[in-house]
Structures are given as C-alpha cells and as structure tokens.
1. Given the criterion modelled with pLDDT under 85 and in contact with a Lys or Arg (Cβ under 6 Å, 6 or more places away or on another chain), identify the matching residue among 7, 15, 1.
2. Are there strands (runs of 3 or more DSSP E) fully within the range 111-193 with at least 2 residues that are open to solvent by 60 Å² or more (accessible area, probe 1.4 Å)? List them.
3. Taking the range 67-92, which residues are open to solvent by 50 Å² or more (accessible area, probe 1.4 Å) and in a strand (DSSP E or B)?
4. Please determine, by comparing only the residues of the range 21-37 that are modelled with pLDDT of 90 or more and part of a loop (DSSP other than H, G, I, E, B), which one is farthest from residue 74 (Cα to Cα).
Amino acid sequence: PWPPSGPDGRSCPSPCAALRCEHQCAPHEGRGVCLCLEGYELDADGRSCRDVDDCRAQPGPCQQECLNTAGGFLCRCFKGYTMVDGHCVPPESLCFAADCQHHCEVLNGMARCVCFEGFAPSPANPDRCLPVCNRSECPAQCDPHTGDTCYCPEGYILEENEDGAKVCTDIDECYEGRCDGDCTNRYGGFDCTTREPAVHDSAPQAPDYDGSGDGIFYSTTAPTSHSVPPGGSAGMPAASITSTLLSFLALAAVGY
C-alpha cells in the first residue's frame, strides 16, 4: 500500500534504517546512501569508511613534511625552519619580520631582539634598546649627525664635563630627599627602607627607686598557724603579750 507504513502503522520507514552506515546516511531518490566524514572515503562495502592518506595527494598539502593522521594530516618543517602562518620560514627570515632596533638572533625557533653593549631592552617595548650605565658617570648617547640631541639612562642627568663633552651623571636621590626612611643611593636609582614606628608600652611602669622616702616591706613568709590544746584557751592576743613584755622590760630597766 502507498504511502508505506512504519512499524507503528502511522510513520514512514527510514531508507537508512537497514543500511547501518558507519558515519552518516542521507536519503536519495527513495533510498539511503552512506556518507563519510571529511578525511575519509567510502569503502567497497558501501557502508564502512576508510581514512584518506592526504599526504599522497599531488601536489602535496604541505610545504616540507607531511604526517598523515586519522581523518586529517599534519604539516611539519625541516630542522632549523619555523612554522609561521602555515609556511616554513628559515631563521634569517624570522629576523626580517622582527622590528629589532639593534640586533636579532633566533633561539629555539623564535626571533629575539638583542641590544648592543651599554644598552638594555626597554621594559615597555623589548624591541627597543635603552642606554644603561653602571658607573657614576657615562658618555651621553647623542645624535651622530648633529650631536645636539643627547639621551641619558633613567636616573642620570645630562651635563658637560671640563672638556665640554656631554656626559650622564648619576642623580643622588638620597641627597634630594626622595626617601623618608633609610636611603641608599645606587647607579641609576636608589633603595628606600621605611622606618618602622617605635612601639610604646602603655602598661604603667614602677617608679625608679632613688634610696629616699618611706617604704613598705611585704614578707613572703607564709603565716604561722597556732593550734589550741583541747580544753585549753587560746590565751591573749599576740598584741597584748607584746605590750605586756615591753612594760616589764621598761620597769626592770628603771629599777636597775
């Protein structure tokens, strides 16, 4: 009967259901057709997909070396060359593309800018070079054509010596009072160590004893306990005994 019915009697059967394609299936003119993903081709059974060796293609897809992979390929460069935007570039070409102010060298397949002696790469722009000085005074870097425009490293000031030559003299930042703590000047800069505030003890302190004035003696001897015999009396207080003894001694002394 038409239209054909599916197992449930309501839907149409898929033309790809019985093909069991490995990758994909698409209906075509009332039947199913197996398809393969990119990098694969349909095998002889019409259902399986096998890898295509892209490196065997002519012309080859790579400039130098080609490594076939499952469903694709990988391009590589010969030793000493570097892959840049899909092309193998020789070492000298890497430096052509680099905008180095002084000199360029290739290290581990990458171009690196190098400065001449007496210069160092700029922290803000490694392609540029800034003059450096490891002494208290260095010759200034001046325009070789005019000699008027001169530059000094950071932390130095442009001056003229006794011979009229332009030199860079180290600035003593400590002398200028740029540090509120312990300051140590160094070539091209300075080190500043902030002093920690003094710690004051807020606890009350005992006054210094100068040997004069009244004092109070505190005994550390534990008090002695006196026991009263059974049936006896505790007797007179210690203060009364002491007073009686002193009176007796006074009378004896007078009678003597």
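1. The conditions single out 15.
2. Result: 137-139, 156-160, 182-186, 189-193.
3. Correct list: 67, 68, 69, 73, 74, 76, 83, 84, 87.
4. Within the range 21-37, the match that is farthest from residue 74 (Cα to Cα) is 21.
The values are calculated or read from the model by the stated rules, or taken from the named source; none is laboratory data. The shown structure was predicted, so the numbers you read here are calculated from the model rather than taken from an experiment. Positions of Cβ are generated from backbone atoms using ideal geometry, with glycine treated the same way; all protein chains shown enter the neighbour counts. Remember, those area values only see protein heavy atoms, side chains included, never the ligands or the DNA or RNA. Shrake-Rupley method; radii C 1.70, N 1.55, O 1.52, S 1.80 Å.
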